[in-house]
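Q: Pasting a structure below so you can have a look.
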């Protein structure tokens, strides 16, 4: 069977040829289809139809029957035939113009009239990016909603707070979730701003001067401007760039990519914290009934989704560098070193972001908290944190601050040794309660070990954040639903 090539994957099987795991395993079906060839090439045809229709409306020799013929052939894209022509022409857009002309022979002579390749390539890229942002935004909103609900539920539950991954002070489980939520909320605003701020390339010609269209309209500048406006409106954009080269500025891609990288940064932070908390036994991501954690260690319940978030996020964050470098490398009105890079980096960035968000939603909505484990950790560390309050109370009762401080230091060293060397419970307050120097405040010791005493304004900060920032931002925001949120593996 040498040289045999499979025509397609069997259900659950694989292809002989390389296929991206983003399309095969991770990203949602809608965004995979959005960046697929069929959608790209039918959008090219939509642009050619809109161009021909607008030129007809403005008096160029394009007939209604030609426009109708283009519309009738719109969905009959034959990728194999286009590829055959491209092998001859070495030009993808020309290949599709010829292929379209074969299917609509009566309109072949007016397809792409006055346009350059970037008319279809760049305008399509802008259309697809806008729609892709529209797919991601509801997923970010869904993640925000899940984390907001989680924060509200656990706003009063004390837990250890960390700096340098060392116990620092007491916070609450809900307050920590607000740190994750705030990052995603920033992403929601940024993605919406990028989507709503996208402008159309329109019809600008070979180097952006619209010279070819000015010639077609015999010097009628008003009609050239009207053509640009009509195309922009027909394709659903509020405005087009006033000045361009042959392409729209590649800073647009860099700015969109930065927003996608922001999603990855937020998700990675979230996933890393979940992994750390799960290692401590305080929290756990959802674990399926039949899920296998390890092929060797049957007892393991690994944070696989959070780990996958971290891995995909790392890929997306590093992918971001492509687009600023591309924007910086453009020469005068046009160069072609952007094309191959954009074909890879832009779709893969969107697919990676989609996959990350599906995982983030799944983890956020299924997080399990173990209050008893959290309480045990607090019981071990809280005596050390409470010594400052104990010291102040003893000084107020008439004690010598320096002598009391030394007694606490000595007792703390002994308690640490008991915990770390003997594996026993922290008995610091038992030691200090038996010390005559603290006799005057012995009755206060129990209240000093109440963790709620040390959470500061954490619960009310959660309430204020949710009420003043989160709920207004999510009000009226569509939340992603349905099969497109499915985590496939």
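Q: Note down the relative contact order for the chain as a percent, whole number, built from C-alpha pairs under 8 angstrom at least six residues apart.
A: Relative contact order, the chain: 19 percent.
Q: When the chain is fully extended, how far beyond the present Cα-Cα distance does residue 226 get from residue 418, taking 0.36 nm per residue of separation?
A: 60.9 nm
Q: PRE reach from residue 113 (point 7 Å along Cα→Cβ): which of the stretch 39-66 fall under 11 Å by backbone N?
A: 51-66
Q: Hey, what angle do you get for helix 173-197 against the long axis of the chain, alpha-carbon based, 0 to 90 degrees rounded to 10?
A: It works out to around 20 degrees.
Q: If r is the Cβ-Cβ distance from residue 83 to residue 243 and R0 is 30 Å, what FRET efficiency results, to the nearest 0.05?
A: 0.25
Q: How would you classify the stretch 373-454 from its alpha-carbon gyration tensor, with a ≥ b ≥ c the square roots of the eigenvalues: rounded for a/c under 1.5, else prolate if a/b is greater than b/c, otherwise oblate?
A: Oblate, because a/c is 1.5 or more while a/b does not exceed b/c.
Q: Something else: Before anything else, pin down the relative contact order of the stretch 373-454: Cα pairs under 8 Å, at least 6 apart, normalised by residue count, whole percent.
A: Taking the mean separation of contacting Cα pairs over the length of the stretch 373-454, I get 38 percent.
Q: Moving on. If I model a spin label as a point 7 Å beyond the Cα along the Cα-Cβ vector, how far apart are those points for residue 169 and residue 425 in nm?
A: Each label point lies 7 Å from its Cα, and together they span 2.8 nm.
Q: Okay, next question. Given the Cα-Cα distance of residue 29 and residue 75 and 0.36 nm per residue of separation, how much length would full extension add, in nm?
A: 14.5 nm
Q: Classify the stretch 148-264 as rounded, prolate or oblate from the Cα gyration tensor: take a ≥ b ≥ c as the square roots of its eigenvalues, call it rounded if a/c is under 1.5, otherwise prolate when a/b beats b/c and oblate if not.
A: prolate
Q: Give the calculated FRET efficiency between residue 440 and residue 373 to the nearest 0.05, with a Förster radius of 41 Å applied to their Cβ-Cβ distance.
A: E(calc), rounded to 0.05, equals 0.70.
Q: Roughly speaking, what is the stretch gain from residue 339 to residue 196, that is 0.36 nm per residue apart minus the C-alpha to C-alpha distance, in nm to one decimal?
A: 49.0 nm is the gain from fully extending residue 339 to residue 196.
Q: Express as a percent, rounded to the nearest 5, the fraction of DSSP beta bridges in the chain (both residues included) that run antiparallel.
A: Beta bridges within the chain, antiparallel portion: roughly 90 percent.
Q: Relative to the longest principal Cα axis of the chain, at what angle does helix 371-396 sit, 0 to 90 degrees, rounded to 10?
A: 60 degrees
Q: Using only Cα atoms and rounding to the nearest 10 degrees, what angle (0 to 90) does helix 37-57 make with the longest principal axis of the chain?
A: 50 degrees
Q: Further question: With no solvent and one point per C-alpha, what does the Debye sum give as log10 I(q)/I(0) for the stretch 12-161 at q = 0.10, 0.18, 0.20 Å⁻¹?
A: -0.52, -1.11, -1.23
Q: Enumerate the whole-percent occupancy of each 5 Å bin, from 0 to the last occupied one, for all C-alpha pair distances of the stretch 50-112.
A: All Cα pairs, binned at 5 Å, distribute as 4, 20, 27, 21, 14, 9, 4, 0 percent.
Q: Counting other beta carbons within 10 Å of each Cβ, put 441, 416 in order, fewest first.
A: Fewest-to-most Cβ neighbours within 10 Å comes out as 416, 441.
Q: With an 8 Å Cα cut-off and a minimum separation of 6 or more residues, compute the relative contact order for the stretch 343-489 in percent.
A: 29 percent
Q: Round to the nearest 0.05 the FRET efficiency obtained for residue 477 and residue 215 when R0 = 41 Å and r is the Cβ-Cβ distance.
A: 0.30
Q: Let me ask another. Could you please rank 362, 271, 447, 20, placing first whichever residue has the fewest other Cβ atoms within 10 Å of its Cβ?
A: With the sparsest Cβ surroundings first, the list reads 447, 20, 362, 271.
Q: For the stretch 338-415, what is the largest minus smallest coordinate of the Cα atoms on each principal axis, given in angstrom and ordered from greatest to least?
A: Projected onto its principal axes, the Cα set of the stretch 338-415 covers 76, 33, 24 Å.
Q: Give me 413, 455 sorted ascending by neighbouring Cβ count inside 10 Å, so fewest comes first.
A: Fewest to most other Cβ atoms nearby, the residues stand as 413, 455.
Q: Under a plain spin-label model, where a point goes 7 Å from the Cα along Cα-to-Cβ, how far apart in nm are residue 17 and residue 149?
A: Label at residue 17, label at residue 149, 4.3 nm between them.
Coordinate-derived values only; no laboratory data. Bear in mind the structure is a predicted one, so any value in this text is a computation, not a measurement. All Cβ positions, glycine included, derive from the backbone under ideal geometry; neighbour counts span all protein chains shown.
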